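Peer 1: Sharing a structure, written as structure tokens. Questions coming.
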Number of protein chains: 2
Amino acid sequence: MVTRKAYISYCNATKKRVPMGVGHSSVSLSLDPISIAAFTAKPKPKTSCFFNTHCKKSVFPTKKNSLFVGFSLKFESLKCGKVAGEMDTEKGIDVANKSILDFHGIDERLIRKMEFDALVWSSLHGLVVGDRNFQRSGQVPGVGMVHAPIALLPMSFPKSHWKQACELAPIFNELIDRVSLDGKFLQDSLSRTKKVDAFTSRLLDIHSKMLEMNKKEEIRLALHRADYMLDEKTKLLLQIELNTISSSFPGLGCLVTELHRTLLNEYGEDLGLDSKRIPSNTAVGQFSEALAKAWTEYNNPRAVALVVVQTEERNIKMLHNTHNVRTVRKTLAEIDREGQLLPDGTLLVDGQAIAVIYFRAGYAPTDYPSESEWRARLLMEQSSAIKCPSISYHLAGSKKIQQELAKPNMLERFLENKEDIVKLRKCFAGLWSLDDLDIIRKAIDKPELFVMKPQREGGGNNIYGNDVKETLLQLQKEGSEEDAAYILMQRIFPTVSPTILMRDGICHKEHAISELGIYSAYLRNNEKVIMNDQCGYLMRTKIASSNEVWEINQGSSTLQTT
Amino acid sequence: MVTRKAYISYCNATKKRVPMGVGHSSVSLSLDPISIAAFTAKPKPKTSCFFNTHCKKSVFPTKKNSLFVGFSLKFESLKCGKVAGEMDTEKGIDVANKSILDFHGIDERLIRKMEFDALVWSSLHGLVVGDRNFQRSGQVPGVGMVHAPIALLPMSFPKSHWKQACELAPIFNELIDRVSLDGKFLQDSLSRTKKVDAFTSRLLDIHSKMLEMNKKEEIRLALHRADYMLDEKTKLLLQIELNTISSSFPGLGCLVTELHRTLLNEYGEDLGLDSKRIPSNTAVGQFSEALAKAWTEYNNPRAVALVVVQTEERNIKMLHNTHNVRTVRKTLAEIDREGQLLPDGTLLVDGQAIAVIYFRAGYAPTDYPSESEWRARLLMEQSSAIKCPSISYHLAGSKKIQQELAKPNMLERFLENKEDIVKLRKCFAGLWSLDDLDIIRKAIDKPELFVMKPQREGGGNNIYGNDVKETLLQLQKEGSEEDAAYILMQRIFPTVSPTILMRDGICHKEHAISELGIYSAYLRNNEKVIMNDQCGYLMRTKIASSNEVWEINQGSSTLQTT
């Protein structure tokens, strides 16, 4: 069996980079509704700044049916997809692609002005992260800060696909809620995964206990982020995954949107870009509102909101300022020490009643270094506090469930509305479990068309390219149940576009692919749906250059009005 | 003659610290109306954090006739003044002093909460500076940042004295304007200084040229900061100096006010402090407004505002966003290279007409490393652009002029309103030139009652204590004209109060003295006065502990409503 550890060794030996996942990276860069945060950035890459020395033009034609988006994802190499600049000369390329700006042709003086303004704006508006090179940045907020990695300008994204993603948000919210209520479905679907993934197994144990207790979550709160990529060849918007726990970066997304709007207000005329085409991004505000509304539903004026944080993460409460709800931050270990369950189900932490629990930690195995953390998780789950997410919501967001829901006739089990079902299915990429021998054969034959994803939340562990083949062959040879730890997914090839990325105060001209994250909030109290909205978005960009793979999280898109 | 250099050597040899001045420090920590900035903080002191382990009480009685202010100044030692905590037990102490909170008695848990919130708030709201320990922080914005040094809470300040300082602002504005028009007074008053101070001499040369040209500044713009201390024994608010060029920290002041308000909104109840008693601080907004109004008066829609910056300072234009005025930033060397004077007096820089010039540099000799910078200054002065400040305003803010104006019957030369004259004179400390042999004798006899101030703007060079005596004796011995480089000022002893200061992420309980800076804006076009307002304030704090002298610039006060 090729273990994760062995695979990393393999990558190191062959000088390959471990491919990074799309979900929660190991980088704690969070700006959250109630927990706006300080952060730890990755060590800087050795990539140096390289500008084209020639300037093509400073004004570009723009197209009205697309939105402009700048972002970055993670692939080991960008063998597929085409550079936007080359589009015009190729046959059969959709005309919409022509509207993507060649940012690399922008006048150098203008870039330097925007670069300077962007850096100062970031410093003054809290678009900052803790610099990992600075040791204390993880322990003390306010020291060793550096601007967050950003794309200087928003890149193009078709308006129709953006609208499609927004429309899917309330449907996915409803789907996840229905799935969360079907305890047997969750247990059955994950039964094989349970045997090989210790983390999922522990989550399922808690879930089982709740089923045994016949525990009902009457008030259910979800703060999701659904991630999509736009496949270049098929022009389909395809779902990558749905994050149901600790959806990261809503604050970052909003700030980058604001930064891009500021830059386009100043330089949009020179660039031929209109700041009004950047869609509004209200993720932070609406997430806060959802949490405040949940607090109201809980109906205990003396109760507070609890943010579960990682030991090395720094968070600030924002809920209080905007919605008059007091917030406390605690690690899982602290909750184990200070938590107490009253006979009526009330959770007390350090003597304070808890109305809402917002998990900024608890999604990764590393968040549970001892039994203490698991005890805390169980204690919270048993309580009457509104959990964001509950154990059922957490499990419903797993990749295995995503794959199960993609099976024929499965959506019909949970939803009645035929149109909704058609819409959801349209965004499903090919998803298979590893007991499908036919697809295994195809993947070994053409591994470049597949991604192998481990069940676990948290991303960063996906397998691409020839490694898919090698891992599958190894799994076959071992004949163990380890294959249940993975799913196979159709590999999506988004368009590669020229972009300008900023990191550690240095400007990089790179070619990047992008992922669109759509935030949504859902709140219901028994039969009453209180909120079910798309809330904002995050664009993420990944570049591959000089054998260096790095990820930029930056959340803006310019909507080209029709 | 004791030169500045020799004096520093002396201090080093005797392990004394060079006393720092009150004016512009060498630290470029500026947040300006059109140039909100990134900054370079001082290297951190070796002072460690030391908390009292006992907590007196968490709720304090407050007094309604004082405002609460936290700040810091610079004295070599705090031999005079009394610790607020001791006040109650002493006889003859004004009852108002009882209202000063003993911040050192605040519950430790509460301090840690506030400390954490303050650090995160600072990170997210741009209350940050470049960390000098991080080499690139001076060259590139957005990297190597650390929170600005702050006082955690605003300290008490009597409301009556605060009002007095505010009322003085428009009177000083008018006085400086009148003085600036009296070229002969400026030249005569500074004639002896000219012989010994090369910097003042160069400024006077430019001023002379303007007199020869009969150059008139019809539109005159001033953005001042008048600094005051409250003398503990006499209960008098006494002026320290008036900054007429590059008045620093208006943005910082506003941000700290906002931070203190946020903290008191959250924890005010526990502390017995009311956030509503913090007076509003609108320095940034009103400075921007004044600059925008000046631009309007210039009446050339195509002209831009020019911010003169230091090479190692990072500034961002804010004027554009709020008032639709485009801004360019240039160093003096760049202005020399790119500047051009049209026959009609229009200043072009890089081909762009300049309406308003705002000096964020040019106040210190080090800003003029070569003839190039002086050429730029002269070029700007000759132009029709509105200069903030003009050479006359710059000279009118010098310490020598301050001392001249304090002479009997001198104010009457410039102002008619008797009440205004009485108000001004009330805030004048004792000020003398060094040709007053009687006062020299007194100062040698009781040096602890005097401060020796060099003529030059920029602060940081004041002489205190026994060094006053030694320097005076040395000057007498040498018998040169060097004495004209200094003025003597009555030493003011403000109350020493317990305070909590934060620097480099570390909390320090210290005893501090404070200085109140009042910002004001003045704009006139010939006979029409367009603006003459107090705009906001800055409280600065200085502590002395463990032989360590450091300065905190933080600008908030809590006004205790009557």
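Peer 1: Cα convex hull of segment B:392-460: mean projected area in nm², to one decimal?
Peer 2: Directional mean of the projected Cα hull area for segment B:392-460 stands at 5.7 nm².
Peer 1: Once the other residues with Cβ under 10 Å from the Cβ of residue B:154 are scored (Lys, Arg +1; Asp, Glu -1), what is the net sum?
Peer 2: Spelling it out: positives minus negatives among the neighbours equals +2.
Peer 1: On to the next question. What distance in nm lies between label points placed 7 Å from Cα along the C-beta direction at residue B:139 and residue B:412?
Peer 2: My value for the distance between the label points is 6.0 nm.
Peer 1: Hey, got the average number of other protein chain Cβ atoms within 10 angstrom for residues in B:124-137?
Peer 2: Taking the mean over all residues of the peptide, I get 4.
Peer 1: Please report which chain B residue places its beta carbon nearest the axis carrying chain B onto chain A, with the distance rounded to a whole angstrom.
Peer 2: For the rotation taking chain B to chain A, the closest Cβ gives B:145, 2.
Peer 1: A follow-up question, please. May I ask which of B:159/B:235; A:293/A:399; A:194/A:446; A:159/A:276; B:233/B:426; B:387/B:453 have a Cα-Cα span longer than 18 Å here?
Peer 2: The answer is A:293/A:399; A:194/A:446; B:387/B:453.
Peer 1: Ignoring ligands, DNA and RNA and using a 1.4 Å probe, state the total buried accessible area between A and B in Å², rounded to the nearest 100.
Peer 2: It comes to approximately 3200 Å² buried between A and B.
Peer 1: List the distances, in nm and shortest first, from the label point of residue A:270 to the matching label points in every other copy, placing each point 7 Å from Cα along the Cα-to-Cβ direction.
Peer 2: The projected label point of residue A:270 is separated from its counterparts by 4.8 nm.
Peer 1: 7 Å from Cα along Cα→Cβ at both residue A:371 and residue A:160: what's the point-to-point distance in nm?
Peer 2: Between residue A:371 and residue A:160, the label points sit 5.9 nm apart.
Peer 1: Here's something else I'd like to know. 7 Å along Cα→Cβ for the label point: how many nanometres lie between residue A:382 and each equivalent label in the other copies, listed shortest first?
Peer 2: Distances between equivalent label points, in nm: 8.6.
Peer 1: Kindly rank B:272-280, A:248-256 from highest to lowest mean number of other beta carbons found within 10 Å of each residue.
Peer 2: My ranking of the peptides, most packed first, is A:248-256, B:272-280.
Peer 1: Given B:155, B:165, B:179, which one lies farthest toward the positive end of the charge dipole of segment B:152-201, if we put +1 on the Cβ of every Lys and Arg and -1 on the Cβ of every Asp and Glu?
Peer 2: B:155
Peer 1: Shifting gears a bit: Give me a single rounded figure for A:386-396: the average over its residues of other chain Cβ atoms within 10 Å of their Cβ.
Peer 2: The shielding value for this peptide is 0.
Peer 1: How far is residue A:235 from itself in the other copies, in nm, if each label sits 7 Å out from Cα along the Cα-Cβ line, shortest first?
Peer 2: Sorted ascending, the copy-to-copy spacings read 8.3 nm.
Peer 1: In addition: Order A:300-306, B:442-448, A:384-390, A:173-179 from most to least packed using the mean count of other Cβ atoms within 10 Å.
Peer 2: By packing density, highest mean first, the sequence is A:384-390, A:173-179, A:300-306, B:442-448.
Peer 1: Could you work out how far apart the two model spin labels at residue B:299 and residue A:478 are, taking each label as a point 7 Å from the Cα in the direction of the beta carbon, and quote it in nm?
Peer 2: According to this spin-label approximation, the distance is 8.4 nm.
Peer 1: Related question: Taking beta carbons within 10 Å but only from partner chains, what does the mean come to for residues A:164-170?
Peer 2: Per residue, the number of nearby Cβ atoms from other chains is 0 on average.
Peer 1: So what J values fall out for segment A:393-399 if you push phi through Karplus, 6.51 cos²θ - 1.76 cosθ + 1.60 with θ = phi - 60°, rounded to Hz, Gly and Pro as x?
Peer 2: 4, 4, 5, 5, x, 6, 5
The values are calculated or read from the model by the stated rules, or taken from the named source; none is laboratory data. Since this is a predicted model, take the numbers as computed values, not measurements. Counting neighbours? That spans all protein chains shown, and the Cβs are built from the backbone with ideal geometry, glycine included. The protein model used for the area step is the full one, side chains on, heavy atoms only, and it has no ligands, DNA or RNA in it. Shrake-Rupley method; radii C 1.70, N 1.55, O 1.52, S 1.80 Å.
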